[in-house]
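The structure appears below as structure tokens.
What follows draws every value from the coordinates through simple rules; no lab data is involved. Because the structure is a prediction, the values reported are computed rather than measured. Every residue, glycine as well, gets a Cβ built from its backbone with ideal geometry; the counts of neighbours run over all protein chains shown.
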Amino acid sequence: MEHRQTAVMELSTRAGQTMGQDTRAALELRDVHKQFGGVCAVDGISLVVEPGEIVAFLGPNGAGKTTTIDMMLGLARPDSGSVAVFGGTPASAIARGRVSAVLQSGGLLHDMSVAETVRLTASLFADPRPVAEVLDRAGILDLADRRVGKCSGGQQQRLRFAMALLPEPDLLVLDEPTTGIDVQGRRDFWAAIRGDAPGGPAVVFATHYLDEADAYADRIVMLAGGRIVADGTPAQIKDLASGRVVTATLPGASEAGLAAVEGVDAVQLRGDRVILNTRDGDAVARYLLSSTSAADVQVCSPSLEDAFIALTRASQGHQRAASPGRAR
Amino acid sequence: MNTSLAGLLHRVRKVPRLGGLSLTFLGLELRRTLRNRSTIFFTLMMPPIFFLIFGTAAHYRTTTVGRGNATAYILVSMAVYGAMLATTSGGAMVAVERALGWSRQLALTPLRPLTYIALKMLVAMTLGLLAVLVVFAVGAGSGAQMDGIVWVESALMAWAGSAVFAAFGLFMGYLLPSENLMQVLGPVLALLAFAGGLFIPLSGGLFATVAAFTPAYGLASIARAPLTGDGLTVRAAANLLIWCAIFTGGAAALFRRDTRRT
């Protein structure tokens, strides 16, 4: 509480500057591109995350999630486009403790104890939270004296989380934070993050788990092939799954021809099998049966996973068509 | 109140002083280093044991060398050897930390890369100081004799000169990021110790000619100068300065490659 009061006093002298900061987005990516040795990892991502917003990055491996996160944190530099964290560079946001992160690649020193690791990290920040407090929030207060090398993968992940809580960040970036943590642990983890909402940090997290994105995010951004293929509330994303999937056997089908059919949102071809995502399954089935030689027509409800697969496939197909030589 | 105020006002965010360097940081790093049993054995125990084995024979105690006895000469040699091992292993810690991905974890904190290097050098030099002090303490109790001021001068020279090996360890740490770097460097340091005449006096021939150009030889020369009364030679000083420039320059170049954002 004391530092808040100090903050008030300091604010009165630099109110203008700080007011300006308050209106800024937590994160703003503008048309960000990144290639690695000719392979395009991120292919034009633009995104604004508001303070306090919880955003899930959902996508398969190779979708560009980790590269995008690295660029948000200044660990990688975009080939083109810009990244701003609270209106400044990622480095200055890190130096001031406004952004912190839990990454998959960050290693820990095995010969230190859990508490020592957090104390060391705390010593690097200007105004950190108390060590015991972050250990408690991460649920590892009872492991304080354990050697890091003796901790399980899940416990090490909680330790990384405790370290990320130290600066009391305004933006928390998490790359697959609950990998290796069981279901109960995952619940506790998210309870710890959302603990002091409202007024909690903005959170951007990458995940493979659709249910995790659905349960904890205000907004889901679906990535595939280095692009954003969908961006909306979990409800809107689920609407993508609210139509029907129509499958049929149709030799020699034309992808473009089917995509042009009224009501068809996405087309996949697998050999002679066509898979169509649509809002109106009856109409598409009727069309297939009456106007084509399609056989074995099935209409079913897609899961969110199906919608996800359809969207990401569609994007990858688009990309393959655009540049046939590209390895993906 | 906490929450409501936080909702209304943002904290004024500060950047840490000294780029993140603090006594807490240094203390934790030292504790961690001194917890490593092989570091303790090789850098703090082996050199004084070698001294006791090689340097304390009766005739060494009675043989005069410059402003002390032969036991003191071997004492200084072993202090140099200990300082070499200690500072190299201190600098080489960056290899382990890079191999484990800890440097990447540190990149998420306000710690500046150059502060990190400064800290590693401080840890290396502290370890070097401990190594010198241990050998000198054992020597003082085991028959080494030097004029009073020579004790201080030769300890200071052995310690300060070992900075060249801290730079060497750092350079190797950036060159070979491996958890087992010291296992590679141990034999290299032993060979260098022979080149510095730390175990047996150099007796001419090709090895002695080549040895004179090694950093261990330069370090041994300046550390023995107060005892032998030879004084600081330009040659020894140039040797150390040139090697220091090579290792520091090499480490700086590799460090820049390492921290360049891709």
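Roughly how big is the range B:127-262's charge dipole about its Cα centre, with Cβ charges of +1 (Lys, Arg) and -1 (Asp, Glu), in debye to the nearest 20?
520
If you keep only loop residues by DSSP, which trypsin sites (Lys or Arg not before Pro) in the range B:219-262 have at most 16 other Cβ atoms within 10 Å of their Cβ?
Passing both the DSSP loop test and the Cβ count: B:Arg260, B:Arg261.
Compare the peptides B:194-205, B:154-165 by average per-residue count of other Cβ atoms within 10 angstrom and give them in order, highest first.
Averaged packing, sorted descending, gives the order B:154-165, B:194-205.
What's the average, rounded to a whole number, of partner chain beta-carbon atoms within 10 Å of each residue's beta-carbon in A:73-82?
Mean inter-chain Cβ contacts per residue within 10 Å come to 2.
If you count, for each residue, the other Cβ atoms within 10 Å and average over each peptide, how do A:266-277, B:122-133 line up from highest to lowest?
B:122-133, A:266-277
Please compute the alpha carbon radius of gyration of the range B:1-151, then divide it by the globular-protein estimate 2.2 N^0.38 Å. Two decimals is fine.
1.51
Below 8 Å, C-alpha to C-alpha, sequence gap of six or more: please give me the relative contact order for the range B:19-259 in percent.
26
Helix-only mean residue ellipticity at 222 nm, chain B, DSSP H runs n ≥ 4 weighted -39,500 (n - 2.57), per residue, nearest 500. What is it?
It lands at -22500 deg cm²/dmol.
Going 7 Å from the Cα of A:Ser242 along its beta-carbon direction, which residues of the range A:268-292 have the amide nitrogen within less than 16 Å of the resulting point?
A:278-281
Taking H as built 1.01 Å from N, whose amide H comes closer than 5 Å to the amide H of A:Asp79, not counting residues under 5 places away?
Placed amide hydrogens put A:His33, A:Lys34, A:Gln35 under 5 Å from A:Asp79.
Once you charge only the Cβ atoms, +1 for Lys and Arg and -1 for Asp and Glu, what is the size of the charge dipole of chain B about its Cα centre, to the nearest 20 debye?
In debye, rounded to 20, chain B gives about 1140.
Find the percent of Cα-Cα distances in the range A:168-269 that exceed 21 Å, and round it to a whole number.
Roughly 51 percent, rounded to a whole number.
Quantify how much of the Cα-Cα distance distribution of the range A:242-302 extends past 14 Å, in percent.
Here the long-distance tail beyond 14 Å is 45 percent of all Cα pairs in the range A:242-302.
Taking each residue of B:109-117 in turn, how many C-beta atoms of other protein chains fall within 10 Å of its C-beta, and what is the average?
4
What residue among B:Gly90, B:Leu106, B:Pro226 has its Cα farthest toward the positive end of the dipole of chain B, where the charges are +1 on Lys, Arg and -1 on Asp, Glu, each on the Cβ?
B:Leu106
Among all helices in chain B defined by DSSP H, which have a length of 24 Å or more along the axis from Cα atoms plus a Kyte-Doolittle mean of at least 1.6?
Helices passing the filter in chain B: B:113-140.
Over the protein assembly as shown, with a single point scatterer placed on each C-alpha, what log10 of the ratio I(q)/I(0) does the Debye formula yield at q = 0.07, 0.08, 0.10 1/Å?
-0.58, -0.70, -0.92
Sticking with the crude label model, points 7 Å out along Cα→Cβ, report the distance from B:Arg37 to A:Asp79 in nm, one decimal please.
Label at B:Arg37, label at A:Asp79, 5.2 nm between them.
At most 14 other Cβ atoms within 10 Å and a DSSP loop assignment: could you name the trypsin sites (Lys or Arg not before Pro) in the range B:65-151 that fit?
none
Which whole number gives the average count of other chain Cβ atoms within 10 Å of the Cβ atoms across peptide B:97-108?
6
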